[in-house]
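Here the structure comes first, spelled out in structure tokens, and everything after it is commentary.
The values are calculated or read from the model by the stated rules, or taken from the named source; none is laboratory data. Predicted model, so just to flag it, every value in this text is computed and none were measured. Glycine gets a Cβ as well: all are built from the backbone with ideal geometry, and neighbour counts include every protein chain shown. Note: areas computed on protein heavy atoms with side chains; ligands, DNA, RNA excluded. Shrake-Rupley method; radii C 1.70, N 1.55, O 1.52, S 1.80 Å.
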Amino acid sequence: MASSADGLRSVHDYQVMAEKLLPEPYLSYYTYPSLSRQTYRDSLAAFSRYRFLPRTLSDVSRRCLSTTVLGQPISIPIGASPTAIHSLAHKDAEIATAKGVAAANTVMIQSCYSNKTIPDVAASAPDGLRWMQTYLFKDRRIVEHIIRTAEVAGHKAIVFTVDSPMSGLDSGYDRDFELFNEEQQKYSNIDIGLPEFKEARKQGARGIVRYHRNQFDPSLTWDDVKWFRRLSTLPIVCKGILTAEAARQAADAGVDGILVSAHGGRQLDGVPAPIDALAEVVEAVRGRNVEVYMDGGVRTGADVLKALARGAKAVFIGRPILWGLTCRGSSGVQHVFDILQQELDYAMALCGCSDVNSIPSDIVVHESYYHVPKHRL
């Protein structure tokens, strides 16, 4: 486990240092949210709207932080969300990330837009638990390649992102991408030798960006998810669900898990903070044998506990992984998880909770609880 001798004692500390270390175009790519930043800011602020109601004088002398996701054991209910182009943060890119996540004994969701190949990431941490993320691209040959390669490499689930029928509008992405070097522009799991991609690469960074933007498919429906479901025997997790209606549709389509997510505020601005949307999604699929997870705005162990109390089986973190990777490589990734584990353990003890698998929902209430006349409760 990494030490905190250099002052890195919180996720916020890692953010501050990473923002100093990352060159501007790299920092811009990792941090930009869409348009007015409403969803990005609210995803962070939303956790402060929930209050703990501690259970006092409970026996918390022994506390269990381990759990399972889709039947696979992990040491803490916190995993790594899919994020792209880790080579901006560290020369070893997703290989370093995978090593750090495996050392923390938890789950990594590898992005289809990772620089390193699926087999290389698998080989770097052969004992690590990995899921594979993809979009349902227009060219289904890409989707099938990603899934088949992930199956062979030992990934244990496929995470399908559903909140992106179109690519984000932020023009800064195009500008930043042009400043990346050839290795950083490499999407190793998307470049499968198709003639169309070879032609796009001849046009440089702009051609690559245009090619990938054109792969997003606005014609997708839930019938396509059913096709996706039939493509693999691996469990399927639907990422980007924010409403009860969509959660029920996902369950009807045969998914095994739902990741409540607002895409880090990088897609549609103005959608709810994931922690606010979480409870209605959990309720919508109750009894359907669908696990529910959440990402977005998690920065402390207390945030994790609030999400668990509102029904999440586990939470996932995105930008904090990139900050850890930037500052310390694989050991920084592991240390970010260590910090959150210690903070979660402390918050559980003070709230009278001893097992992450049975966090009572009534230890957390929305702040409005204290503004409603008691006779109306």
Task: Residue satisfying condition, being surrounded by 14 or more Cβ atoms within 10 Å (Cβ to Cβ) and at pLDDT below 95, within set 26, 50, 14 - done: 26
Task: Condition check for residue 133: in contact with a helix residue (DSSP H, G or I) (Cβ under 7 Å, 6 or more places away or on another chain), of a type in the set (S, T, N, Q) and buried (at least 23 other Cβ atoms within 10 Å of the Cβ) - done: no
Open item on the list: Being surrounded by 15 or more Cβ atoms within 10 Å (Cβ to Cβ) and either more than 19 Å from the chain's Cα centre (by Cα) or touching a residue at least 60 places away in the same chain (Cβ under 8 Å) (or both) is the requirement here; does residue 120 meet it?
Closed with: yes
Task: Sole exception among (1) modelled with pLDDT of 90 or more; (2) of a type in the set (A, V, I, L, M, F, W, C); (3) closer than 30 Å to residue 152 by Cα for residue 228, by number - done: (1)
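One line per residue, one yes/no per condition, for (1) of a type in the set (A, V, I, L, M, F, W, C); (2) under 16 Å from residue 297 (Cα atoms); (3) open to solvent by 40 Å² or more (accessible area, probe 1.4 Å); (4) in contact (Cβ under 8 Å) with a residue 24 or more places away in the chain:
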position	(1), (2), (3), (4)
245	no, no, yes, yes
248	no, no, yes, yes
252	no, no, yes, yes
257	no, no, no, yes
264	no, yes, no, yes
272	no, yes, yes, yes
278	yes, yes, no, yes
283	no, no, yes, yes
- [ ] Sort out for me the helices (runs of 4 or more DSSP H) sitting completely within segment 1-91 that have 2 or more residues that are farther than 27 Å from residue 347 by Cβ and not charged (D, E, K, R).
- [x] 24-31
Open item on the list: Just to be sure I understand the filter: pairs with C-beta atoms under 7 Å, separated by 6 or more residues or on different chains, first member in segment 53-69 and in contact (Cβ under 8 Å) with a residue 40 or more places away in the chain, second member in a loop (DSSP other than H, G, I, E, B) and surrounded by fewer than 13 Cβ atoms within 10 Å (Cβ to Cβ). Which pairs pass?
Closed with: none
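Results for (1) in contact (Cβ under 8 Å) with a residue 12 or more places away in the chain; (2) open to solvent by 10 Å² or more (accessible area, probe 1.4 Å); (3) part of a helix (DSSP H, G or I), shown as yes or no for each residue.
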{"site": "127", "(1), (2), (3)": "yes, yes, no"}
{"site": "144", "(1), (2), (3)": "yes, yes, yes"}
{"site": "186", "(1), (2), (3)": "yes, yes, no"}
{"site": "191", "(1), (2), (3)": "no, yes, no"}
Open item on the list: touching a helix residue (DSSP H, G or I) at 6+ places or on another chain (Cβ under 7 Å), at pLDDT below 95 and not acidic (Asp, Glu): is that true of residue 301 in this structure?
Closed with: no
- [ ] Within segment 345-353, identify whether any single residue is of a type in the set (Phe, Trp, Tyr), touching a residue at least 40 places away in the same chain (Cβ under 8 Å) and open to solvent by 10 Å² or more (accessible area, probe 1.4 Å), and answer yes or no.
- [x] yes
Open item on the list: Just to verify a result, which residue in segment 197-243, among those that are β-branched (Val, Ile, Thr) and part of a strand (DSSP E or B), is surrounded by the fewest Cβ atoms within 10 Å (Cβ to Cβ)?
Closed with: 236
Open item on the list: If the requirement is being surrounded by fewer than 23 Cβ atoms within 10 Å (Cβ to Cβ) and out of contact with any helix residue (DSSP H, G or I) (no Cβ under 8 Å at 6 or more places or on another chain), which of these qualifies: 66, 36?
Closed with: 36
- [ ] May I ask you to verify whether residue 334 is buried (at least 20 other Cβ atoms within 10 Å of the Cβ) and modelled with pLDDT under 95?
- [x] no
TODO: Could you look through segment 105-154, keep only residues that are farther than 22 Å from residue 71 by Cα and among the acidic types (Asp, Glu), and pick out the one that is modelled with the lowest pLDDT?
DONE: 139
